[in-house]
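These notes are about the structure you will find just below.
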Amino acid sequence: MQKDITEKKNLIKRALAATMRECRGEQSLFKYSSENDIPLSIVSEAERGLKDPQLTTIFKMAEAYSLSPGTFVDKIASKLPPKFSMIDK
């Protein structure tokens, strides 16, 4: 069970990473981080799928990409497998 949850969390972190890289485009990590007051270490680790940022950071990232938090989360969710669920039913 724990292994399954860890795998699911890793899928979400990889989807977040891909979405962040896509949204950031050609802008450097340093510039993105400094202009939006998000620590470089958080941005770097999240873009490598190593960090599970806090919800407040997700909101800040969405705003930095000129997206609503809902739209940003939808973009992340679109990169997950069909019928993905964190809860086993």
Notebook entry, point to check: Counting only residues that are under 20 Å from K9 (Cα atoms) and modelled with pLDDT under 95, how many does region 29-50 have?
Noted result: 0
Next item on the list: Report whether or not M20 is of a type outside the set (G, A, S), out of contact with any Asp or Glu (no Cβ under 9 Å at 6 or more places or on another chain) and either within 24 Å of T6 (Cα to Cα) or in a loop (DSSP other than H, G, I, E, B) (or both).
Entry: no
Check: Of all residues in region 1-26, which are more than 12 Å from the chain's Cα centre (by Cα) and surrounded by 13 or more Cβ atoms within 10 Å (Cβ to Cβ)?
Finding: K8
Check: Within region 63-77, how many residues turn out to be surrounded by 10 or more Cβ atoms within 10 Å (Cβ to Cβ), part of a loop (DSSP other than H, G, I, E, B) and of a type in the set (S, T, N, Q)?
Finding: 1
Next item on the list: Only residues that are among the aliphatic types (A, V, I, L, M) and closer than 20 Å to F84 by Cβ: list them for region 14-49, please.
Entry: A15, L16, A17, A18, M20, A46
Checklist line | Candidate set: region 31-54, residues that are aliphatic (A, V, I, L, M), more than 10 Å from the chain's Cα centre (by Cα) and not in a loop (DSSP other than H, G, I, E, B); chosen: the one nearest to A17 (Cα to Cα) | finding: I42
Note to self: Against the condition outside any helix (DSSP H, G or I) and out of contact with any Phe, Trp or Tyr (no Cβ under 9 Å at 6 or more places or on another chain), how does K60 come out, does it pass?
What the structure shows: no
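The values are calculated or read from the model by the stated rules, or taken from the named source; none is laboratory data. None of the values given here were measured: they were computed from a predicted structure. All Cβ positions, glycine included, derive from the backbone under ideal geometry; neighbour counts span all protein chains shown.
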